[in-house]
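> My questions will all concern the structure given below.
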Amino acid sequence: MTLFAEYGQILIILACIFGVFMAWGVGANDVANAMGTSVGSRALTVKQAILIAMIFEFAGAYLAGGEVTETIRKGIIDPAVMAGSPDLLVFGMMSALLAAGTWLLLASVMGWPVSTTHSIVGAIVGFAAVGISADAVNWGKVGSIVASWVVSPLLAGAISYMLFRSVQRLILTQDNPFVRAKKIIPFYMFAVGFLIAMVTMLKGLKHVFKDFGIKLGFGECTLIALVIGLVVMALGTILLSRVQADEAAEKDNRFANVERVFAILMVFTACAMAFAHGSNDVANAVGPLAAVVNVVQAGTVEAKSVMPHWILLLGGVGIVLGLATYGFKVMGTVGRKITELTPSRGFAAELGAAATVVLASGTGLPISTTHTLVGAVLGVGLARGIAALNLRIVGTIFMSWLVTLPAGAGLAILFFYFFKGIFS
């Protein structure tokens, strides 16, 4: 095609810039809300959270994000409709990256935790429905994504609520909470080991397994995770037996020693969630970029495309830059503004979010990482009563969720016609 022969290199360079910009948004917004509970509960400082997330998000994005990616993100567009006009797909994917990146920049500046998946989905739906044809969009798929607005926060909130209520009942309301914690926390450690292993295998390592020709179903993953959970429980019991109470700290706060143990647990959940998140959500930035690169190089629209490692590297770098430069805003919203978090509350929220991801992966429920984590924090807040929640902040977050899809769509339509006008 003459367009690709003449402008191919320019289109690829622009797509790379927009892809890194979108990945920056993923880091500044999505990764930040994943680490917000650890920072808000003071289990980690902002610097420690950024360092952990930089290592594990990058590792997840680069090592485990390389599955053969569907160029048409999440099956939202029918590639057959665009077979005769590959140039429109290129303009559209570039527009989607720039639109989603712009919305994530605005949301991050405002401190709104929004879904990066919904941002890119809205952008793709926008350019496809208006710029090409309404028939090009798989509206059933879009409907299931919209359903995740309700499913994700409700499920995560319910699980986190029950988890924290169990912590209150079994540990915090007992006469000697520290002694009680040493008996009960090994069972929570089993849950952490089991759920984090499940999240990492189902979300993080599934692409690595594919590269080595290993096929693990949900049942096999469950068995492996059970063994890992028991090992973590055994190691945790040994370590807990060596932990001594700091009586001076308990004079100011009778739960000080209990919270100290939960803070250690949260470091592990934060590392594993960061790895799983990086492997899963880097696709929001690199999927459309891979589509542009493959279409420009091949000159035709293909249903699937191989993900080059240099694109994964760009995505990983963009995520790390976003978190390091602007992640503190959204971290502050999720960790401190919704409800007051302590390590035990943050632990319940993170474990509830992990459980939701596992359930969704096993049953095929559409979920959003962002909505899951925010819902989990809300559930923990509700366990202490409605007064424990900052309802004004909660309302603002819900509004930003509703606006995300149409905002991404509107921006993508504008950028689509702009690129079409310049290059056509």
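> What pairs come out if I take residues in the range 234-258 that are more than 13 Å from Val179 (Cβ to Cβ) and pair them with residues that are among the acidic types (Asp, Glu) whose C-beta lies under 7 Å away, six or more apart or interchain?
If the second residue must be among the acidic types (Asp, Glu), the pairs left are Ala256/Asp246; Ala256/Glu250.
> Please go through the range 357-377 and give me each residue that is modelled with pLDDT under 85 and either surrounded by fewer than 18 Cβ atoms within 10 Å (Cβ to Cβ) or not hydrophobic (A, V, I, L, M, F, W, C) (or both), ordered by number. Reasoning before the result, please.
We begin by selecting, within the range 357-377, every residue modelled with pLDDT under 85; these are 357-370.
Within the range 357-377, Leu359, Ser361, Gly362, Thr363, Gly364, Leu365, Pro366, Ser368, Thr369, Thr370 qualify.
> Looking at the range 260-280, can you tell me whether even one residue there is buried (at least 17 other Cβ atoms within 10 Å of the Cβ) and over 19 Å from Ala353 (Cβ atoms)?
Yes, some residue in the range 260-280 is buried (at least 17 other Cβ atoms within 10 Å of the Cβ) and over 19 Å from Ala353 (Cβ atoms).
> In the set Val179, Val199, which member is of a type in the set (A, V, I, L, M) and modelled with pLDDT under 85?
On the way: Val179 fails: modelled with pLDDT under 85.
Just a single option satisfies the conditions, and that option is Val199.
> Still on this structure: Restricting attention to the range 383-412, which residues are closer than 20 Å to Leu163 by Cα and either without any contact (Cβ under 8 Å) to a residue 12 or more places away in the chain or within 16 Å of the chain's Cα centre (by Cα) (or both)?
Gly385, Ile386, Ala387
> Mind checking which residues of the range 190-200 are within 21 Å of Arg260 (Cα to Cα) and crowded, with 23+ Cβ neighbours inside 10 Å?
Val192, Gly193, Ile196
> Something else now. Here is a check on your reading of the model: is Ala349 touching a Leu at 6+ places or on another chain (Cβ under 8 Å), buried (at least 24 other Cβ atoms within 10 Å of the Cβ) and either within 27 Å of Ala100 (Cα to Cα) or among the hydroxyl-bearing types (Ser, Thr, Tyr) (or both)?
Taking the combined requirement at face value, the residue does not satisfy it.
> On to the next question. Taking the stated definitions as given, is Val39 over 30 Å from Ile422 (Cα atoms) and among the β-branched types (Val, Ile, Thr)?
yes
> Could you list, in sequence order, all residues of the range 323-338 that are farther than 13 Å from Met35 by Cα and either among the basic types (Lys, Arg) or buried (at least 24 other Cβ atoms within 10 Å of the Cβ) (or both)?
Across the range 323-338, the qualifying residues are Lys337, Ile338.
> Something else now. So Ala353 ticks every box in (1) at pLDDT below 90; (2) among the small types (Gly, Ala, Ser); (3) farther than 24 Å from Thr269 by Cα but one. Which box is left unticked?
Ala353 satisfies all of (1) at pLDDT below 90; (2) among the small types (Gly, Ala, Ser); (3) farther than 24 Å from Thr269 by Cα except (3).
> Of everything in the range 159-186 that's under 17 Å from Ala355 (Cα atoms) and surrounded by fewer than 17 Cβ atoms within 10 Å (Cβ to Cβ), which residue is nearest to the chain's Cα centre (by Cα)?
It comes out as Met162.
> Please tell me if Glu247 is of a type outside the set (A, V, I, L, M), over 25 Å from Gly60 (Cα atoms) and out of contact with any Cys (no Cβ under 8 Å at 6 or more places or on another chain).
yes
> Could you check, for the range 258-273, whether at least one of its residues is out of contact with any strand residue (DSSP E or B) (no Cβ under 9 Å at 6 or more places or on another chain), among the basic types (Lys, Arg) and modelled with pLDDT of 80 or more?
Within the range 258-273 (the criterion being out of contact with any strand residue (DSSP E or B) (no Cβ under 9 Å at 6 or more places or on another chain), among the basic types (Lys, Arg) and modelled with pLDDT of 80 or more), the answer is yes, since at least one residue qualifies.
> Here is a check on your reading of the model: is Val380 part of a helix (DSSP H, G or I), over 18 Å from the mean Cα position of the chain (by Cα) and surrounded by fewer than 23 Cβ atoms within 10 Å (Cβ to Cβ)? Quick ask: steps written out before the conclusion?
On the way: part of a helix (DSSP H, G or I): yes; over 18 Å from the mean Cα position of the chain (by Cα): yes; surrounded by fewer than 23 Cβ atoms within 10 Å (Cβ to Cβ): no.
No; evaluated as a whole, the condition is false for this residue.
> Looking at (1) on the phi < 0 side of the Ramachandran plot; (2) modelled with pLDDT under 85; (3) among the charged types (D, E, K, R), which is the only condition Lys74 fails?
(1)
The values are calculated or read from the model by the stated rules, or taken from the named source; none is laboratory data. What you are looking at is a predicted structure, and each value in this text was computed from that prediction instead of being measured. Neighbour counts are summed over all protein chains in view; Cβ atoms, including those assigned to glycine, are modelled from backbone coordinates with ideal geometry.
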